[in-house]
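J.: One structure, as structure tokens, below. Some questions next.
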Amino acid sequence: MARGKQPAKAHRAPKVRRAVVTYTVADFESAFWPDEQPVDNAVVMTMGALHAGHAALIRAARKQVGPEGRVAVTVFVNPLQFGAGEDLERYPRSLDEDVQLAEEAGADVVFAPTADEVYPNGEPQVRLAAGPMGERFEGATRPGHFDGVLTVVAKLLHITDPDFAFFGEKDAQQLAIVQRMTADLDFDVEIVGVPTIREEDGLALSSRNRYLSEEDRAHALALSKALFAGRDAAAQGPKAVREAAAAVLDTAEGVTLDYLALIDPHDFVEAADDFQGEAVLAVAATVGSTRLIDNVRLICR
Ligand code: PAF
């Protein structure tokens with residue numbers, strides 16, 4: 001080697017796993033189970049428009065199943081969970097970028113079916129019902145939303161048949177209801193919640209953040225500020241938590257509040273004033289034309 005010449009560094013390049021992209025159930029099955037090897041496997045369900053929050057879910061799934069295990073990422077904008085006038089048509093779709101992010105985070109297979117592939121008999125006549133847990137908070141504003149979520153989650157669990165399924169804590173009510181469905185209906189899968197990823201200034205990552213103008217984005221910070229103020233008051237009990245969070249939102253500009261609630265995470269009901277233990281402080285609001293949700297977990301004393 002000539003003096004001063006560096007050895008080739010090719011072997012130091014980060015190892016990127018190549019993900020196989022599939023569009024049909026049959027192709028997914030042969031890609032996800034290429035042989036009879038018994039390995040742990042995990043699924044991360046998404047509606048695409050992947051961001052660092054999804055990457056954290058995929059990395060958590062990879063960590064759980066190890067390098068030899070299998071990780072599937074589903075990308076499907078499920079029409080059943082959108083109500084009339086919601087953003088189904090304008091929901092961002094970016095499959096090429098999604099595949100790249102999924103690959104880099106550790107996915108083996110991306111399953112991106114069409115609606116006809118998921119619902120080959122047309123709109124399903126039989127759906128799962130989320131029950132009372134699905135009628136409060138998000139469910140009160142978006143009637144039927146959680147029935148649509150559970151119907152597709154159940155289908156995707158059947159198709160992917162994973163040992164583990166990873167869901168973000170950002171959608172706290174969805175996580176609680178999916179956990180409850182798998183427990184109540186004996187699904188043989190472990191549902192794992194993954195903490196919310198935030199921008200440095202506190203904004204929770206969401207595929208819908210891309211709809212925010214610069215001004216909306218500045219206004220949206222009131223949501224996380226309110227939640228953090230509530231969390232800081234947790235030692236003084238539920239009433240103090242609610243008051244501290246509400247004080248921030250009361251003076252917030254450009255935010256139309258839907259609900260601010262301190263919630264017992266087990267059955268997703270409003271926590272009583274003497275509630276003690278782990279609770280979810282959740283907020284939903286419209287900023288500009290975009291509906292945002294966020295929450296923090298805290299311990300009430
Ligand atoms: O959280 C989401 O992105 C969706 O509700 C899910 C779980 C992928 C079902 O469509």
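The values are calculated or read from the model by the stated rules, or taken from the named source; none is laboratory data. Owing to the predicted nature of the structure, the values given are computational and were not obtained by experimental measurement. Heads up, the Cβs are rebuilt from the backbone with ideal geometry, glycines too, and the neighbour counts pull from every protein chain shown. Surface accessibility is based on the protein's heavy atoms, side chains included, excluding ligands, DNA and RNA. Shrake-Rupley method; radii C 1.70, N 1.55, O 1.52, S 1.80 Å.
J.: Of the residues E169, E97, E117, E104, which is touching a strand residue (DSSP E or B) at 6+ places or on another chain (Cβ under 8 Å), among the charged types (D, E, K, R), within 27 Å of F32 (Cα to Cα) and at pLDDT 95 or above?
T.: One residue alone meets the criteria, E169.
J.: Identify all residues within segment 227-265 that are open to solvent by less than 20 Å² (accessible area, probe 1.4 Å) and small (G, A, S); write none if there are none.
T.: Scanning segment 227-265 gives G230, A233, A234, G237, A245, A261.
J.: Looking at segment 134-191 only, could you name the residues that are open to solvent by 30 Å² or more (accessible area, probe 1.4 Å) and of a type in the set (D, E)?
T.: E135, D147, D161, D163, E169, D171, D184, D186, D188, E190
J.: Taking the condition of being within 15 Å of the ligand (Cβ to nearest atom) and surrounded by 21 or more Cβ atoms within 10 Å (Cβ to Cβ), how many residues in segment 38-47 meet it?
T.: Of the residues in that region, 5 qualify.
J.: Restricted to segment 266-286, and to residues that are of a type outside the set (G, A, S), open to solvent by less than 60 Å² (accessible area, probe 1.4 Å) and more than 20 Å from the chain's Cα centre (by Cα), which residue is nearest to E138 (Cα to Cα)?
T.: Ranking the candidates gives V269 first.
J.: Would you check which residues across segment 48-60 are of a type in the set (A, V, I, L, M) and either within 14 Å of the ligand (Cβ to nearest atom) or surrounded by fewer than 20 Cβ atoms within 10 Å (Cβ to Cβ) (or both) and list them?
T.: Within segment 48-60, A49, L50, A52, A55, A56, L57, I58 qualify.
J.: Just checking, does segment 56-77 include any residue being part of a strand (DSSP E or B), polar (S, T, N, Q) and at pLDDT 95 or above?
T.: yes
J.: Residues R136, R180: which one is at pLDDT 95 or above, in a loop (DSSP other than H, G, I, E, B) and closer than 30 Å to L257 by Cβ?
T.: R136
J.: Select, from P132, P162, P143, the only residue that is out of contact with any helix residue (DSSP H, G or I) (no Cβ under 7 Å at 6 or more places or on another chain) and within 20 Å of D40 (Cα to Cα).
T.: Of P132, P162, P143, the one residue that is out of contact with any helix residue (DSSP H, G or I) (no Cβ under 7 Å at 6 or more places or on another chain) and within 20 Å of D40 (Cα to Cα) is P162.
J.: Within segment 79-107, take every residue that is crowded, with 21+ Cβ neighbours inside 10 Å and in a loop (DSSP other than H, G, I, E, B) and give me the one that is nearest to the ligand (Cβ to nearest atom).
T.: A107
J.: If you check every pair at least six apart or on different chains, which have Cβ atoms under 8 Å apart with a residue in segment 58-80 that is among the basic types (K, R) first and a residue that is part of a strand (DSSP E or B) second?
T.: So the pair list comes out as R62/A42; R62/V71; R70/N41; R70/A42; R70/V109.
J.: Mind listing just one residue for me: the one in segment 65-78 that is crowded, with 18+ Cβ neighbours inside 10 Å and more than 16 Å from the ligand (Cβ to nearest atom) and, of those, nearest to D108 (Cα to Cα)?
T.: That would be R70.
J.: Which residue, of L156, L205, is within 12 Å of the ligand (Cβ to nearest atom), more than 24 Å from H266 (Cβ to Cβ) and of a type in the set (A, V, I, L, M, F, W, C)?
T.: Checking each option against the conditions leaves just L156.
J.: It is to be established whether one or more residues within segment 207-221 are closer than 30 Å to S30 by Cα, in a loop (DSSP other than H, G, I, E, B), open to solvent by 20 Å² or more (accessible area, probe 1.4 Å) and in contact (Cβ under 8 Å) with a residue 24 or more places away in the chain.
T.: No, that holds for no residue.
J.: I would also like to ask the following. Output yes when any residue across segment 166-175 is within 17 Å of A282 (Cβ to Cβ) and free of Cβ contacts under 8 Å to residues at least 24 places away in the same chain, and no when none is.
T.: Yes; the residues of segment 166-175 include at least one that is within 17 Å of A282 (Cβ to Cβ) and free of Cβ contacts under 8 Å to residues at least 24 places away in the same chain.
J.: Answer with yes or no whether G48 is assigned to a loop (DSSP other than H, G, I, E, B) and at pLDDT 95 or above.
T.: Yes.
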